[in-house]
Every structure is written in structure tokens, then in C-alpha cells.
Amino acid sequence: MENILEIKNITREFPGVKALNDVSFNIRRGEIHALVGENGAGKSTLMKILSGVQDPSKGKIYLNGKEVVFKSPKDAQEVGISIIHQEFSLIPYLNGFENIFLGRELRKKNGLLDKKRMKTEAEKVMERLNANIDLSKPITLLSVANQQFIEIAKAIAIDTKVLIFDEPTASLTGKEIDKLFELIEMLKKSGVTIIYISHHLEEILAMCDRFTCLRDGEWVGTRSVEGCTKQDIVKMMVGREITNTYPDRTSWEKKKEEILLDVKKLTNSVVKDVSFSLKKGEILGIAGLVGAGRTETVRALIGADTTDEKEVYINGKRATIKSPTEALTHGIGLIPESRKTQGLILGMTVKNNITLPILNKISSKAGFLSRKKEESLVNKSIKDLLIKTPTMWQKVKHLSGGNQQKVVLAKWLNTECNILIFDEPTRGIDIGAKEEIYKLMRVLAEQGLSIIMISSELPEILGMSDRVLVMHKGKVISQLDVKETTSEEVMYYATGGVGK
Amino acid sequence: MSNLNTETTLTTKNKTMAKIKDLFENQEVLILVAFLLLCVIMTIINDQFFTASNLTNVARQISINAILAVGMTFVILTGGIDLSVGSVMAFTGTIMAGMMLLVGIPPVYAVLIGIALGTVIGYINGMLVAYAKIPAIIVTLAMMEASRGLALLYTGGYPLSGLPQSFTFIGRGYAFGIIPMPVLIMIIVYILAYIILNHLPIGRYIYAIGGNEEAARLSGVKVKRYKILAYLISGVTAAIAGMILTSRLASGQPMAGVGFELDAIAAVVLGGTAIAGGRGHIFGTLLGAMLIGVLSNGLNLMGVSPYVQLVLKGVIIIGAIYYSSWRQKD
């Protein structure tokens, strides 16, 4: 079979990170080609490049043997490559056919919109898709599955040759998923080539022809699905050796007994009946795929999101935590997943970010901020954590990712919390800063700090934690002792496997 | 030893450099230069401008807008807006006048009641923004209408005139024989605002909320409380401005202060406070108010029509904001 799409030596660099490194593989005409890999493996970046959202730093893309260069998603669509994102790009208050024709509206001779013709044309597309959806209803009134159909119709209406699906089943119910698969099969029969990104390996095994695996931004392999098992794919996804970036365990393998935090029946719209405990001086890893409810769990714990039910015990005593402020008074701090949108106030200085939660501690009795206390404390943090900044008056937005993360760390260390929650502590930072953060976490745990660490990187989970909580679809599906588990086992549970 | 010295001088030098750099990143410097330039030009083309009596007059004229702009600065720093200040000013002013004339309360208590009323109105604004999560522009627009209505209802639409001399002294008198009372009050309000914003935790929280509300909340900042406080302060400064205006006019005017909220917003944004919040300085606001004041005074002296003045004001606001957003693009 001939290739429709050739991806040659694609490299994409971001400041401090190589998201893709020399990736090459081919997509055959008319196949369903899956793209697999852990979170952060580079799948999304690659798809952004294929759909014209980002340019590659290096490398080329050939469509039907001819090189193509995209400056915008529109360029990619014009040659026939479209993407169905997890978050649909529909305008909620416009109706179906208005969305399908968005940006290329049909007009009458007098220049006014030709709604009649757009509607009939759109209905023809829906007929092709074998879907029966009211196209004159505003998008918001449609179900998620129907919205996805509209999104697909939008791509088909512009004669798409290669259609990329990014986690299309993430928010669909079982029946809707079956219907989507039927549609994808039909599209394949009509000659559309499909690139299918999913964490759900069963889906891939059931539907796809071939798959390509990425790991840490590098190409691992492209294989036929035939003859592959779920275990084979998982192995390819996680198959790296665990490197020595993690600090030595020996000094820290003492038995930890004393239970500091007990969380019971944590329930809200995303997480269901989550219970776990955290021991003093322990690092508890929470593993799972994107959307498993890990972040939602810790946000619910500290009162950043509402809960329907929650029981929290600290040192055996019941504690009510209704807001992050109350969590702070109970000695619990969250270092959030996204530094830039949740961890830092980018336009503020290093100094002001670090001291934000402890302004009361550095104020005089009369309530005035003590510049002396503040500056000496910040100076100490900058020295202790080796934060690279010209001065403490530098705005944090000018620092590198790793140093920004250290500023967030410094902020929380100064609060003297005894429970710190790290949500993806090393996302998007370079390897050097990563190691420093690992070392610091280990030292803190040895000093008696209890840590909850959410991470999508399995080596990080296995290299840092004492115990691992694996979550899937809002529930804790398994609790594993890190000494007795493997990355395959964690991945197995994270993808929803129950029992063995 | 010498090594240590170089290190210390280096950090001091770095500190100074950072401060200087910061200074030029801020719009206050630009506005200060514009202000001084404007003063020089006015002095050259009109010999009446740089006279003691005219400058005192200008200072008195800007004081009301400058005081309104203090509360507005707090609110805008949190990322909000307060459209109600002009009406609140009229409402609290008529209440003060009414207390003295209709109820017969001594001026001191009348003023305190008026300021308490401003505080309550600001608190209501803040509660609706922070807890009911209604957009600030809607809440304060509604409050603008309601306060104006209440002022008109209370007075029946007529001014309440004949206020005692002990009260009109606030707007017309001089402290120490030379400083107009409104100017003195303005200076005190600015000093207090400066202390709150720069030397108390409250100020830091207000900047933090405007800079990144979610990050502030996750850092344990009581976001709702300090948002409410910002609107409350705006209510207080509106009432203080209402007191000065009522006393200058020697009557409680229900239709006073129409459109004053917009002048206050203009002073704040001209002074370099980001309309999205999180960045700005209280003295920038003062400079903004002074620039607007001096400009209209100068143009008056030159005999430029008030209609033309409005057009010029619009052009200057757009020019200043465009310049600052263009400069921040890098």
C-alpha cells in the first residue's frame, strides 16, 4: 500500500525541552493508524504540527509525495488534513450548518448568506455520515456525541483526506462510542485516512490497522496491530530503563508507620469515593492517565473545588477544609499542575510570589510588612533552592521554567506545611532542574514532610514514591507498594484493567 | 574582604538597576514626563498658568476626581471596575446635606453617616461581585442607577441648599491658611492608600488577586474578602468625594457627579494601572488625575471650547494606552 503521509525527521523544541526528536514514520492511504505513548510522549505536539497549529523546528512532511508546509490550520485543511480535538472547536450558539460552513459560508448573488443551500449541503454530508441530527438547533443543545458528529461533518464537508482524532472517546458513553466506531469504519471505507490517538488500548486493538509508539518525544516503533497484545503495546510505551536521575533510596527506606492524613469518601462530580491515607515522611505517588481524576482529587482535598462528601482526619482528628486558606492553616499546601496559570502570579516579583502565603508572618505587630524580614527570608530561599534570578525584584515571568517551579516550591516551603501536594512537579522543565527537585523532595521527606505526588511519568512515580495510588475514571483502582510493582503493572491499572 | 565588598556593591547595584528598569517599565514615569512637559508648555504659552492662584485652583479642581480615582485604583487592581462612584457620590452627598438640613444633626455626624452609607454601598457591590459572581460592570452599573434614583427620591429632585459654614469649610476653606481643604484631604487619602497598597499585606493581596486570582486563592489568599474590601474602599472614597463636592457647592445636588466615574477610570488607566488588574501604582493614578486636570485648566485658559477638550481627552487616553500596550508587547 502506498503512503499518503510521510513524516520525516520532525523535531520540535520548546525552551528547555525537546518535545519531539527526529521522529519519522509513514501513514498509508486508507488505513486507521493509531498513535500511542504516555502523557508527554509528544503525541499532541506531533498532531499540532500535522494540523498546522505549530511549525516543526526541523523536518519535513510529505503529502502524496509532495512536501507541504503549513503556516496555519487553514493551510493544512486546504490540502486535506483536519483534526477533531478533544475540546471541540464549535461555536456554541450557532447551529449545526452554520458551524459546518463557518469561515466559508455560501452566499447568494446579492451577497447575503444562502442559508437554504448551506442547510441542504450540510444535510447531504450528514446523510453520508449516516447521522440524523437536527442542524437548525444551536450546538449547545446537542449531546456531546452529536457535537462530535457535527465536528466530523465539518471536516468531511471540506473534503478531508486525512482525519486526526485526538482522544475521541474521552467524553462519550458506551453506545455513543460504538456509533463513533461505525462512523470511523465507514469513513475508512470511503477512502479517508484516519490517525487515531487514544489511551484506550482495547480500542486500538479492535479498530486500527497499525500503530506508532512515541516515548519522550522519540519514535519507538511502528507496527501492525495484528498479532499484538495490550501488554506488547504497554511495554513499548514505558519500555525505557529507569535512569539514575532519582536519588538513592537506601537512606530513606525506613518503615513509615505513623499515619498523618486520612482521607475518606472523597466524592464530587469527577472523583468517586476516593479514600487513602498518608504516612509521616512518606511520598505517596498518584498515577493515572489524563482525566483519571488525580488533580481533581487533591483540589477537592484542599477545598479548591467543592465536594459532595469528604472526611479528612489529620493525626486522627477530624478536620474541615472548605478552602485553600483552611488547608493552609491545617498545614496542607498544593503545588499546582500549571505553574503559569495556578502556581504563580507571573507579573509579580520573585519576592512577592514567595511571600504571598506568609505575609502575616513577616509583618510587625502593627500589621506592617517588614521589608527586612521579607528580604532576608527571600534571600535565604533563593540561596537554598539555587534559584537563578538576577534579583529578588525580577518578575517571575522572565525566569526559566525550572526556576519558576523553584519559586513555587520556595513559596510553599516557607509556609512550613507538613503535607505538600506536588501535582506534576517536573512537567516541562529540563533534566537538571528535575534532578534538583527530586533531591529536594527526598530531603524534605527525610525531614518528616509528607508528600503526595501526582505524576504522569511512570519512571518518576516509581523512582520517587513509597506507595502508588493508581486512579482510573475518578476512582482509586489499585494501591501498590513501589518495591513490588512494575511500570507495566501501573500502566495496566491506569488503562482500566481490573484484576489480572 | 574586598571580595565581599564587591559582592555587596554588586547586589546593591543590581537592586538599583532593577529598580531603574522597573521605573521605566512603569507608565508613571511616562505620565510624569508628559505632565511636566504639559506644565512647561502651558507656562510658556499662557502667563496666567504658573501663578499661585491658578495652581491652587487646579489642585482644588482635581481633588474630587483624584479621590474617586483612589477607590477606583483598588477595584481595578483586583481586575474589577466600579461604575457607581459618581452616583454614590451624589447620594451620600445629598444624605449628608439632608441630615444637616432636614434632621438637624451636627455636620460631624452627618459626614460620618454619609461615609458609613458609602461603605455599605461599596460592601454590597463587593458582595455581589465576590459571592454572587455577577460581573463587576453589571453590578456597579445597576448600583449607579439605583444610587442616582435614591438620591433623587430622597431630595425629590431638588438641591438641598443652605448648609452651615462649618460644613462648607471642608470644600471652600484653607488649612494653615494656604492649602485648600480638599487638597489636604486628597493628600491624606493618597498617603493612606499608599500605605495600604505598599506596606500592608492587604495591598499585596489586592495586586495578587488581579494578577492571577486562582494562584492567589491556591496560595491561601482570602480572595472574596479582599475583593469586597476593594469595593468597600471605593465606596468610602466616593463618599469622601461626595462630602467635598456637597460642601463646595454648599448644597446637596442629586444630579451631581454624572459621568465622574469615567473621569476616575481615565485617571487610573492613564496612571498606568492595567485595566485587567494586577499592575499599577497609586501615585500613577494621582499623576493621571493631575494630567487630566492641568490639561483642561490649560485649555480653558487658552479659551479652547469644552467640546474640543472632550475630543482631546479621548485622543490622549487612547494614545497613552496604545503606547503602553505597544511597549509591553515584547
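Readers should treat all values here as calculations from the given coordinates under stated rules, not as data from a laboratory. What you are looking at is a predicted structure, and each value in this text was computed from that prediction instead of being measured. Methodologically, a virtual Cβ is constructed for each residue, glycine included, from the backbone with ideal geometry; neighbour enumeration extends over all protein chains shown.
Assorted remarks:
- Amide H to amide H, with H built 1.01 Å from N, A:Ser363 comes under 5 Å of A:Ser370, counting only residues 5 or more places away or on other chains.
- Fewest-first ranking of A:Lys8, A:Lys124, using other Cβ atoms within 10 Å as the exposure measure: A:Lys124, A:Lys8
- Size of electric dipole in chain A: Cβ of Lys, Arg +1 and of Asp, Glu -1, about Cα centre, debye, nearest 20: 1560
- According to the calculation over all Cα-Cα pairs in the range A:298-344, the P(r) per 10 Å bin from zero is 27, 53, 18, 2 %.
- Euclidean distance between Cα centres, the range A:76-121 to the range A:383-438, Å: 45
- Of the trypsin sites (Lys or Arg not before Pro) in the range B:72-177, those whose Cβ has at most 12 other Cβ within 10 Å and which sit in DSSP loop: B:Lys133
- All-pairs alpha carbon distance profile, the range A:250-494, 5 Å steps from 0, percent: 1, 6, 14, 17, 19, 17, 12, 7, 4, 1, 0, 0
- Globularity index of the range A:47-135 is 1.33 (Cα radius of gyration / 2.2 N^0.38 Å, N = number of residues).
- Rounded to the nearest 20, the size of the Cβ-charge dipole of the range B:29-327 about its Cα centre is 480 debye, with Lys and Arg at +1 and Asp and Glu at -1.
- Hypothetical label at B:Ala52: residues of the range B:170-206 whose amide nitrogen lies under 11 Å (7 Å Cα-Cβ projection): B:178-179
- Residues A:Lys473, A:Lys365, ranked from the fewest to the most other C-beta atoms within 10 Å, line up as A:Lys365, A:Lys473.
- Each Lys or Arg adds one and each Asp or Glu subtracts one; over the other residues with Cβ under 14 Å from the Cβ of A:Glu424, this totals 0.
- Normalised Debye scattering of the range B:29-327 at q = 0.06 Å⁻¹ gives log10 I(q)/I(0) of -0.19, counting only Cα atoms as equal scatterers and leaving out solvent.
- Computed [θ] at 222 nm, helices only, for the protein assembly as shown once each DSSP H run of length n ≥ 4 contributes -39500 (n - 2.57): -16000 deg cm²/dmol
- For the range B:90-156, the list of chymotrypsin sites (Phe, Trp or Tyr not before Pro) that fall in a loop by DSSP and count at most 11 other C-beta atoms within 10 angstrom reads B:Tyr131.
- Nonlocal amide H pairs with A:Ile286, under 5 Å, H built at 1.01 Å: A:Met453, A:Ile454, A:Ser455, A:Leu469
- Within the range A:79-173, GluC sites (Glu not before Pro) in DSSP loop having at most 15 other beta-carbon neighbours inside 10 Å: A:Glu87, A:Glu105
- Here the range A:400-485 is treated with +1 on each Lys and Arg Cβ and -1 on each Asp and Glu Cβ, and its dipole about the Cα centre works out to around 200 debye.
- Amide hydrogen neighbours beyond the local backbone of A:Asp305, cut-off 5 Å, H modeled: A:Ala300
- Within straight-line reach of A:Lys230, meaning a Cα separation under 13 Å, sit the following aspartates and glutamates at least 8 residues removed in sequence or on another chain: A:Glu202, A:Glu203, A:Glu488, A:Glu489.
- Across the cross-link table entries A:Lys279/A:Lys483; A:Lys406/A:Lys483; A:Lys235/A:Lys475; A:Lys154/A:Lys188; A:Lys43/A:Lys179, which are compared at the Cα atoms, the separations over 19 Å belong to A:Lys406/A:Lys483; A:Lys235/A:Lys475; A:Lys43/A:Lys179.
- Put simply, when A:50-62, B:61-73, A:448-460 are sorted by average Cβ atoms within 10 angstrom per residue, most first, you get B:61-73, A:448-460, A:50-62.
- Per-selection metrics, the range A:103-160 (Cα): Rg and Dmax in Å: 12.0, 37
- 23 Å Cα-Cα threshold exceeded, pairs from A:Lys272/A:Lys322; A:Lys109/A:Lys161; A:Lys317/B:Lys227: A:Lys109/A:Lys161; A:Lys317/B:Lys227
- Dipole of chain A, positive direction: furthest Cα of A:Val490, A:Ile10, A:Leu359, with charges on the beta-carbon: A:Leu359
- Each other residue within a Cβ distance under 13 Å of A:Val312 adds +1 if Lys or Arg and -1 if Asp or Glu, for a net charge of +2.
- Per-residue ³J(HN,Hα) for the range A:116-126, Karplus 6.51 cos²θ - 1.76 cosθ + 1.60, θ = phi - 60°, Hz, x for Gly and Pro: 4, 5, 4, 5, 5, 4, 5, 5, 4, 4, 4
- Within-10-Å neighbourhood charge of A:Phe25 [Cβ basis; K, R +1; D, E -1]: +1
- Where Rh is the Kirkwood radius over Cα pairs, Rg/Rh for chain A: 1.01
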